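Taken together, the values in this text are just the output of simple stated rules run on the coordinates, not laboratory data. Treat the numbers as computed from the prediction; the structure is a model and nothing was measured. Positions of Cβ are backbone-derived with ideal geometry, glycine not excepted, and every protein chain shown enters the neighbour counts.
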Amino acid sequence: MKKVFLLAAIFVLSLSSSVISQTHTPETDLAAFIKFSRSMRQDFNSRGVESRKQWFSAPLYKLFLNELKRQDEYLKKNPTDMPYFGDGVPFQPIDETCEAGKRSYRYSYTVGKGVVSGDSATVPVTFAYPAACKIPPIVYKFKMVRSKARWLVDDIDYGDGKTLVADLNRNEY
């Protein structure tokens, strides 16, 4: 009887762990990050970085901490200037409204199918206004890395030749 119970428990645990691991895909983890990030204030500050920390790879998190220090030093010398990330956290385009046909629209986003290669993935996210706005969509490619059972944001390709990591590693403030 003990063997049957033990085997049943092992079976249930292995089944539940495989189900849990299947729910964490680059797309689902990125969608959760974007949903959470859009629900928060977009200011680039320590509170904003810390609130999103669980979705960052360790190298990206360190770059954000370094940028916060650089920002503080810059603002001490230039208190009336706008800091580099003065428009907010760089995880989505600036959230401006579009006026068309006496209506006001905000863009929506769609998380696309990622391309996985080992412990890394690239997942496109399309930010688009409705067709009435006649504004072309913007596509960001999120670079993700697997860390244990989750996928974390490691970089963002903005589609214009710039990346988040390159911005954070720039020499001049």
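Does residue 130 satisfy the condition of being of a type outside the set (A, V, I, L, M), surrounded by 13 or more Cβ atoms within 10 Å (Cβ to Cβ) and in contact (Cβ under 8 Å) with a residue 24 or more places away in the chain? Yes: the conditions hold for residue 130.
Filtering segment 75-92 to residues that are exposed (fewer than 15 other Cβ atoms within 10 Å of the Cβ) and not hydrophobic (A, V, I, L, M, F, W, C) leaves 76, 77, 78, 79, 80, 81, 86, 87.
Inside segment 159-169, can you point out the residues that are without any contact (Cβ under 8 Å) to a residue 60 or more places away in the chain and outside any helix (DSSP H, G or I)?
Our first condition is that a residue be without any contact (Cβ under 8 Å) to a residue 60 or more places away in the chain; within segment 159-169, this holds for 159-163, 166.
Those that are without any contact (Cβ under 8 Å) to a residue 60 or more places away in the chain and outside any helix (DSSP H, G or I): 159, 160, 161, 162, 163.
Evaluate segment 99-111: report whether one residue or more is surrounded by 12 or more Cβ atoms within 10 Å (Cβ to Cβ), touching a Pro at 6+ places or on another chain (Cβ under 6 Å) and of a type in the set (A, V, I, L, M, F, W, C). Scanning segment 99-111 turns up no residue that is surrounded by 12 or more Cβ atoms within 10 Å (Cβ to Cβ), touching a Pro at 6+ places or on another chain (Cβ under 6 Å) and of a type in the set (A, V, I, L, M, F, W, C).
Against the conditions (1) over 13 Å from residue 88 (Cα atoms); (2) surrounded by fewer than 16 Cβ atoms within 10 Å (Cβ to Cβ); (3) over 13 Å from the mean Cα position of the chain (by Cα), residue 63 satisfies every one except (2).
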